[in-house]
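Take a look at the structure set out below.
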Amino acid sequence: MIYCFSGTGNSKWVAERIADELGDKVEMIPTLQVSDDKCIGIVTPTYAWGVPGPVADFLKAAKFSKDQYVYLVAVCGANCGILDKQAAKLLGHPIAAAISLALPNNCIQLGDCDTKEDAKRMFAAATPKLTNFIEKIKNGEKYSDVTRGFAPVVLTKVVHPMFMKFATSDKPFSVDAGKCVSCGACESRCPVGNIKLVDGKPTWNGNCAQCTACINGCPTQAIQYGKRSAGRVRYFFSEENL
Ligand SMILES: Cc1cc2nc3c(=O)[nH]c(=O)nc-3n(C[C@H](O)[C@H](O)[C@H](O)COP(=O)(O)O)c2cc1C
């Protein structure tokens, strides 16, 4: 079983590639399912050098036995600190094999996302690393190839908790009612069910993972984050980028 969380589709693409190769199944987080399969995968985006809130909740709740082989892919825009070690600690179980995989950056809260050209380049660069990792998993090997960034312990142990405490509010999200076409993409794409359409317009209900699926997935760019997201490059996974 492969457990996956994804906002803008990169991690979902990774999980599905692994599942195709292993003949395995993908279960999206949040989920209450805990599998007794011998081989367990966790595929997660990186948020401020740590795991997203829903992934942390899953890892804390999940119980795997000693003989289960657990591997992890930290999908990121560049680097992931010691996310793999954070995940192992939350899970209370060793992670036998881990890689980070740099795929297009979706963090529109901070600046431009990666462009379509960047996305193509990044998927092309990441594919051999992923293919190699899948071979390691098939053989049940111990393995680590994680790009951690500068001062990774500080990033994961100091910056990440600050992000969780101070930067996970959904209050900065807003909709330009004139641009919104009430298609409901934001509601259906939100992985944590935080968005409800009221009179055809999105409302955010206080349980946001900051995944950016709503803002990056809006077909008319009607959703904004604060005052500075207007005009920023947006990113959502598309097969065209492969
Ligand atoms: C709130 C937030 C924080 C992020 N923090 C990091 C980070 O610390 N390091 C990094 O390399 N990428 C970071 N990213 C980029 C994502 O990890 C990256 O774009 C990932 O591929 C998104 O996966 P998804 O498409 O499955 O949601 C962040 C993105 C968001 C939205």
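Annotations for the structure displayed:
- Among the conditions (1) over 19 Å from Phe236 (Cα atoms); (2) touching a residue at least 60 places away in the same chain (Cβ under 8 Å); (3) assigned to a loop (DSSP other than H, G, I, E, B), the only one that Asn106 does not satisfy is (1).
Yes/no matrix, rows are residues, columns are (1) under 17 Å from Val192 (Cβ atoms); (2) hydrophobic (A, V, I, L, M, F, W, C); (3) in the same structural domain as Phe150 (by TED's automatic domain parsing); (4) part of a strand (DSSP E or B):
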| site | (1), (2), (3), (4) |
| --- | --- |
| Arg17 | no, no, yes, no |
| Val34 | no, yes, yes, no |
| Thr44 | yes, no, yes, yes |
| Ala56 | yes, yes, yes, no |
| Phe64 | no, yes, yes, no |
| Leu72 | no, yes, yes, yes |
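- Of the numbered criteria (1) exposed (fewer than 15 other Cβ atoms within 10 Å of the Cβ); (2) at pLDDT 95 or above; (3) over 18 Å from Ser11 (Cβ atoms), the one Lys63 fails is (2).
- Test: residue in the range 196-210 that is touching a Gly at 6+ places or on another chain (Cβ under 7 Å) and surrounded by 21 or more Cβ atoms within 10 Å (Cβ to Cβ): yes
- Selected residue [modelled with pLDDT under 95 and in contact with a Phe, Trp or Tyr (Cβ under 7 Å, 6 or more places away or on another chain)] from Asn241, Asn194: Asn241
- When Thr131, Thr147, Thr156 are checked against the criterion of being in the same structural domain as Ile18 (by TED's automatic domain parsing), closer than 25 Å to Tyr235 by Cβ and away from the ligand (no atom under 16 Å from the Cβ), a single residue qualifies: Thr131.
- Within the range 86-103, the set of residues being assigned to a loop (DSSP other than H, G, I, E, B) and away from the ligand (no atom under 16 Å from the Cβ) comprises Gly92, His93, Pro94, Ile95, Ala96.
- Qualifying residue in the range 111-134 (condition: modelled with pLDDT of 95 or more, closer than 24 Å to Pro161 by Cα and surrounded by fewer than 21 Cβ atoms within 10 Å (Cβ to Cβ)): yes
- Pair list, Cβ under 8 Å, 6 or more apart: the range 79-96 residue without any contact (Cβ under 8 Å) to a residue 24 or more places away in the chain, other residue in a loop (DSSP other than H, G, I, E, B) and surrounded by 19 or more Cβ atoms within 10 Å (Cβ to Cβ): Ala88/Ile95
The values are calculated or read from the model by the stated rules, or taken from the named source; none is laboratory data. Not measured: the values here are computed from a predicted model. When we count neighbours, we look across all protein chains shown, and the Cβ atoms used for this are built from the backbone with ideal geometry, even at glycine.
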